[in-house]
Structure formats: C-alpha cells, structure tokens
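The values are calculated or read from the model by the stated rules, or taken from the named source; none is laboratory data. If you're wondering where the values come from, they're calculated on a predicted model, not measured in any experiment. Every residue, glycine as well, gets a Cβ built from its backbone with ideal geometry; the counts of neighbours run over all protein chains shown.
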Amino acid sequence: MKSLTLTLLLGLNLVAAPEAFDRLQFHAPPKPLFSEAVTEDWPRFLGPRHDLRSRETNLLKSWSATGPNRVWEVERGSGHTPVVISGDYLVMIHTLEGREVIECLHPKSGKRYWKHDYAVELGSNYGIVDASRAGPVIDGDLVFTVGLRGDLNCFELASGDIVWKINLDDAYGTAPLFFGRGSCPLVYGDQLIVNVGGDACVASFDKRTGALRCS
C-alpha cells in the first residue's frame, strides 16, 4: 500500500504547477460568475462544434464605461492566431524575437504551465512581415500546432511534452503562398487532418503517433 501511495504521489508531481513569468502582469483575481451562468470551452478556432457559436448564456450583456475588470495580461509577439481554452489550460502560438513560441497558461491567473519555442525564419512580402497564422487545436489530453514554416507538433496538454512532430516543409515541400501555413488542423476521430500543401494537398495522420494514414 505504501508503494502504491508513493507511485500515485509521484504521478501527481509529473505535471508542475503554473508559475509566474517575466511577461505576465497580474491585476486582480476574477470575480465569481453568476450562479446560473453557463460556460463552455473554446478548444479550436471555430469553437467546440466548428460553427463559430457558443452556448454560453446568463452572462453580462454589457459592461461599464471603463470595460471589464482586467485580471491579467501577457505581452505577445506577432501573429494572427487565436488563443484556445480547455478547462484549466489556455494555449497560444506567436512569434517573438525570431522564435515561434507555444505557451500554455492558466486562464484565471495567466501563470504558465509550459513553453516550447524554436527558431523560425520570417519573410516579408508587400511590406508585411509574416508571422504565426494557424491557431492551436486542443483535443482531450493533446494539443496540436502548425507553425509558419510547417512545424507540426503534438504536445501533451498538461505537461507540454512532445508526443510527435513533423516538419511539413521537409516532408511535402514549402507552402505555395507567401504568408506560410495558415490553416488549422482538424481532429476527426483518431485522425488529424492537415492541409500540408507542397507536393500534396491534404494528409491524414494518426493523432497519437503521427503515422501517415493517407495523403
């Protein structure tokens, strides 16, 4: 029994508590929601049902002249991607100081669970410097990101550990459009469907292993 208890405790410690970091400015804890408020996660660009609709209700319909009370704020780099939320996890991808950065934060405090980043080469067309465009997708215990230069990553949502990764530029050729890769991946059952571009149009991967199903 002691051995089992120790194993369970060690398992609980595998996921670190979120921590404050240099770009986070915390203002005040959020006020409790109205007791009859109905809330809903937003785990991908178009929402939980891919229809850009939320079933949240019994929330405030208007704010005071000064706007809602600010709880926390985090400086972001460049990019066009939305944040996504599932339970106690908020994930965002952006470009900061020549690196593409994926961060997982606690929605109520802004503290960070984990961060993953890598160098990315930005281009400039029509006087505009490109930046991250495809929003993250949370599916259960996994989160998927597609970077500007084709870095397709699958992370464990809670820990940030990389489950698998593929560089689409290397595997299929560079994206044909000047702004890089901008379409979000789609989870369908046990498949991850991605607009890979280059020498292929669309590919299906096993969402847990990254193994190619078809292209």
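Points worth noting:
- Set side by side, the residues Val83, Val71 differ, and just one is farther than 28 Å from Gly150 by Cα, under 22 Å from the mean Cα position of the chain (by Cα) and either among the β-branched types (Val, Ile, Thr) or modelled with pLDDT under 90 (or both), which is Val71.
- Number of positions in the stretch 20-59 that are farther than 26 Å from Leu142 by Cα and either touching a residue at least 12 places away in the same chain (Cβ under 8 Å) or in contact with a Gly (Cβ under 6 Å, 6 or more places away or on another chain) (or both): 14
- Within the stretch 73-111, the set of residues being outside any loop (DSSP other than H, G, I, E, B) and touching a Pro at 6+ places or on another chain (Cβ under 9 Å) comprises Val84, Ile85, Ser86, Tyr89, Leu90, Val91, Met92, Ile93, Ile102, Cys104, Leu105.
- Residue list for the stretch 32-43, filter: modelled with pLDDT of 95 or more and outside any strand (DSSP E or B): Asp41, Pro43
- Among the residues of the stretch 1-31, just one is modelled with pLDDT of 90 or more, surrounded by 11 or more Cβ atoms within 10 Å (Cβ to Cβ) and under 30 Å from Leu186 (Cα atoms), namely Pro18.
- Taken as a whole, the condition of being closer than 27 Å to Arg23 by Cβ, of a type outside the set (S, T, N, Q) and buried (at least 17 other Cβ atoms within 10 Å of the Cβ) does not apply to Leu186.
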